[in-house]
Amino acid sequence: MEDGPDKITTPELEQAEVVPDKVISALRQFLRSEASGGVLLMLAAALAMLIANIGLYRDYHEILHGTLPWTPIQKLDTLHLWINDGLMAIFFCYVGLEIKREFVDGRLSTWEKRRLPVIAAFAGMVAPAVIYLVIATGNSEIVNGWAIPAATDIAFAIGVLALLGKRAPTSLKLFLLTVAIVDDMGAVAIIAIAYTANLKTIFLFFAAATMAVMYFINRMKVHVLWPYIILGVVLWFFVLLSGVHATIAGVLAALMIPIIVTPGAPDSEVSPVHRLEHYLSPWSAYVIIPIFGFANAGVELGGLTLKEIFAPLPLGIAAGLFFGKQLGIFASIWLSVKVGLAHKLRGATWPQIYGVSMLCGIGFTMSLFISELAFAGSSLLREEAKVGILMGSILSALVGYAILRFTPLHEKHDEIEAQEAAEQDADGDVADTSEPAPARA
């Protein structure tokens, strides 16, 4: 039998075959980059803003907030509620897993490591809230939004920092990550305490019983994930019905999953926390958060006047994010270093530290989420809050990026970066990112 005809190639055909390979390679490289999640969130938010301002706002609003023809849970009768109470519970589970990992064997595993991020995150939550409350003085209907500017959006902030490439010292990236993790803990606590009402004790009891079962199987060294996932869904259902916001169930479930494994036990090569975090990471970054951004960022700007833009609510949020975050975080770092509570970030100059403090004023995702809880009964106040969040976040991103882009690098930048890379390669752990304490007389 004769072989088939030889494959005919032409320059055009070869070029056509190369182009898809280049596209796929570029896509893979993008998805692996630190900026990818933040970029997708930005695109989703921009798309929502575009749709809301080209005459499609009513359709956008109706799709998200219109009553569903059928829902398995009566309390979640709109697509918007399923996104904010359902999908976001998965995101909060991912946040909980990250918090547990960092506190057990990561960047927050010792008090020495966590001291500066905790101080900075705390100050970075208090200062924006104080500024907001000062501006909101005398306006009781908006006081409940005090926590909106207290949050930092890690995806956006890391995305902006990643755009700087090698100009951003490793110490700044790690500091931003750890501050954001502590910030997330504060946001979770605020949601659980400040935005919970009409508690139903019976469902709280059922939720506590579910957590007890999860803790028991943890202590029994069960390392397979499916029992924790099933019980996590049950826990979410009971928390939803209890009056506590359903997303808190995600964090609680994450804390019940084991991180320390027994050598030789089934499925013990990698801990359940690390496995589940690995599974949820792409879903969180590339699906859940962009969907949330699209569902919550759409605000109609056409009819807004300057008086409405600079009303106490949007002004308080924008000022809290832009001025409060940078003031609280940078001042707390500077004071901590000066009094000897912590060491200055290695390889970072004070202007660079100020720039990354500014990036912490990007409060998009968590700020939008808290605004939905704070003003659940007023669509007008929610829209005003979105304007303030957009103003404060965009301003923080632009100014923070400009500072980090144009400020001079540390005189030993390349040497310190090479040293940190070598340390990380040597021990597989995160290098110490603080400078040695200066000698004291």
(Q) Could you give the length gained by full extension between E269 and R219, i.e. 0.36 nm per residue of separation minus their alpha carbon distance, to one decimal place? (A) 16.2 nm
(Q) Let me check against my output: what whole-number percent is the relative contact order of segment 267-393, with C-alpha pairs under 8 Å and at least 6 apart? (A) 37 percent
(Q) Testing the spin-label approximation: label points 7 Å from Cα along Cα→Cβ at T137 and T201. State their distance in nm. (A) 4.1 nm
Q. Which of K307/K338; K75/K100; K173/K338 have a Cα-Cα distance over 32 Å?
A. K307/K338
Q) For the pair T262 and Y286, what calculated FRET efficiency results from E = 1/(1 + (r/R0)^6), where r is the Cβ-Cβ distance and R0 = 25 Å, to the nearest 0.05? A) 0.15
Q) Considering only Y279, A136, L231, whose Cα is most displaced toward the positive end of the charge dipole of segment 35-408, charges sitting on Cβ of Lys, Arg (+1) and Asp, Glu (-1)? A) Y279
Q: Order these peptides, 198-210, 345-357, 377-389, 68-80, by their mean beta-carbon neighbour count within 10 angstrom, highest first.
A: 345-357, 377-389, 198-210, 68-80
Q. Of all the Cα-Cα pairs you can form in segment 35-408, what percent are over 41 Å apart?
A. 12 percent
Q: State the Cα centre-to-centre distance between segment 335-407 and segment 220-256 in whole Å.
A: 31 Å
Q: Please work out how much length the chain gains when fully extended from A46 to I193, using 0.36 nm per residue of separation minus the C-alpha to C-alpha distance, in nm with one decimal.
A: 49.7 nm
(Q) Run the simple label-point estimate for W334 and L398 please: 7 Å along Cα→C-beta, distance reported in nm. (A) 2.5 nm
Q) What is the calculated FRET efficiency for Y60 to S378, with r their C-beta to C-beta distance and R₀ = 22 Å, to the nearest 0.05? A) 0.70
**Q.** Test item: Cα-centred dipole of segment 35-408, Lys/Arg +1 and Asp/Glu -1 on Cβ, debye
**A.** 1180 debye
Q: Can you pull the one-decimal nm distance between simple spin-label points at T110 and Q74, each 7 Å off the Cα toward Cβ?
A: 5.6 nm
Q) Over segment 77-217, with a single point scatterer placed on each C-alpha, what log10 of the ratio I(q)/I(0) does the Debye formula yield at q = 0.10, 0.13, 0.16 1/Å? A) -0.47, -0.78, -1.11
Q | Cut-off under 5 Å, modelled amide H: who pairs with I362 long-range | A | D153
(Q) About the Cα centre, and with charges only on the beta carbon of Lys, Arg (+1) and Asp, Glu (-1), how big is the dipole of segment 59-121? Nearest 20 debye, please. (A) 500 debye
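Values in this text are rule-based calculations from the coordinates and carry no lab data. Predicted model only: the values in this text are computed from it and were never measured. Cβ atoms come from the backbone with ideal geometry, glycine included; neighbour counts cover every protein chain shown.
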